[in-house]
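Chemist: For reference, the structure I am asking about is given below.
The values are calculated or read from the model by the stated rules, or taken from the named source; none is laboratory data. These numbers come from a predicted model, not from an experiment. For neighbour counting, all protein chains shown are included, and Cβ atoms are generated from backbone atoms with ideal geometry for every residue, glycine included. Ligands, DNA and RNA are stripped out before the accessible areas are found, and what is left, the full protein with its side chains, is counted by its heavy atoms. Shrake-Rupley method; radii C 1.70, N 1.55, O 1.52, S 1.80 Å.
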Amino acid sequence: MAKTGTTTQGLRAAIERSGYYPALVAEAVEAAVGGEPVVSYLVHQETTFDSNEVRRHVTVLVLTGTRFIVSHTDEQAADGTSPSPYATTSTESVKLERISSVVLSRVVANPESYTPGTLPREVVLNIGWGAVSRIDLEPAACGDPNCDADHGYTGSSTADDLSLRVSEAGDGPDTVRQTLAFAQALSEATAATAATAR
């Protein structure tokens, strides 16, 4: 379930409501935020099925006046490296001017009768800042079907730093609304940062 808002106390409360190792997650996120005021945040918990195991994952996104902070926490069962279950938490702090793209994809039902303000049934938020890129290559070809020359490769490079998918059916309508609100706040912040950098 995702939660969004605009205060440090609200962020802490949303992390606690998620119920996913709240003390661990809150400590990591609050250390990354430091003393900066929170502009907006989103807490999203996912459950995945891996063979015979159920695994949980929580992503916390925080927007401050100068930074975008992303935190991931995953749980792991006991294995050969640890006799007891454990969790891994990571945080990354990105200056707003490094954000290169905020892509929001909306899936709407019955687009022919869509009215503004109708909630999408699914939203995918992709945020890129150049930390991770994916390159898709394929052999290049010319228009001659009889040509057997080597034309090299062609392809595309895509920023692949963060992708978050929420759906009305799986996460509820409030989660979709909250993701839309966070995406708008982040887009506005990156646009304002770009305008002042000129």
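Chemist: Any idea which residue in the stretch 76-91 is least open to solvent (accessible area, probe 1.4 Å), counting only those that are part of a strand (DSSP E or B) and out of contact with any Ser or Thr (no Cβ under 8 Å at 6 or more places or on another chain)?
Modeler: In this case the residue turns out to be S82.
Chemist: State whether one or more residues within the stretch 6-28 are in contact (Cβ under 8 Å) with a residue 12 or more places away in the chain, of a type outside the set (A, V, I, L, M, F, W, C), in a loop (DSSP other than H, G, I, E, B) and under 17 Å from L164 (Cβ atoms).
Modeler: yes
Chemist: Given the conditions (1) in contact (Cβ under 8 Å) with a residue 40 or more places away in the chain; (2) more than 22 Å from A192 (Cα to Cα), report the number of the one that V39 does not fulfil.
Modeler: (2)
Chemist: Further, regarding this structure: Name every residue in the stretch 92-125 that is among the β-branched types (V, I, T), touching a residue at least 12 places away in the same chain (Cβ under 8 Å) and part of a loop (DSSP other than H, G, I, E, B), in order of residue number.
Modeler: Once the filter is applied, which keeps residues that are among the β-branched types (V, I, T), touching a residue at least 12 places away in the same chain (Cβ under 8 Å) and part of a loop (DSSP other than H, G, I, E, B), the stretch 92-125 yields I99, V108.
Chemist: Kindly indicate the residue of the stretch 19-46 that is among the aromatic types (F, W, Y) and at pLDDT 90 or above and also most open to solvent (accessible area, probe 1.4 Å) among those meeting that condition.
Modeler: Taking the candidates together, the pick is Y21.
Chemist: Go through the stretch 119-142 residue by residue and tally those that are over 20 Å from Q184 (Cβ atoms) and either modelled with pLDDT of 85 or more or open to solvent by less than 80 Å² (accessible area, probe 1.4 Å) (or both).
Modeler: Residues meeting the conditions: 7.
Chemist: Further question: Just a yes or no: is a residue in the stretch 47-58 of a type in the set (A, V, I, L, M, F, W, C) and surrounded by 17 or more Cβ atoms within 10 Å (Cβ to Cβ)?
Modeler: Within the stretch 47-58, one or more residues are of a type in the set (A, V, I, L, M, F, W, C) and surrounded by 17 or more Cβ atoms within 10 Å (Cβ to Cβ).
Chemist: Okay, next question. What pairs come up if the first residue lies in the stretch 177-195 and is more than 10 Å from V123 (Cβ to Cβ), the second is open to solvent by 30 Å² or more (accessible area, probe 1.4 Å) and assigned to a helix (DSSP H, G or I), and their beta carbons are under 9 Å apart, counting only those six or more places apart or on different chains?
Modeler: Listed by first residue and then by second, the contacts come to T190/E97; T193/E97; A194/E97.
Chemist: Of all residues in the stretch 164-190, which are open to solvent by 60 Å² or more (accessible area, probe 1.4 Å) and part of a helix (DSSP H, G or I)?
Modeler: Listed by number, the residues that qualify are E168, A169, G170, D174, R177, Q184, E188.
Chemist: Would the stretch 111-132 turn up any residue that is on the phi > 0 side of the Ramachandran plot and not aromatic (F, W, Y)? Break it down into steps so the answer makes sense when it comes.
Modeler: Going through the stretch 111-132, the residues on the phi > 0 side of the Ramachandran plot turn out to be 117, 130.
So of that shortlist, the ones also not aromatic (F, W, Y) come out as 117, 130.
Yes, because at least one residue in the stretch 111-132 is on the phi > 0 side of the Ramachandran plot and not aromatic (F, W, Y).
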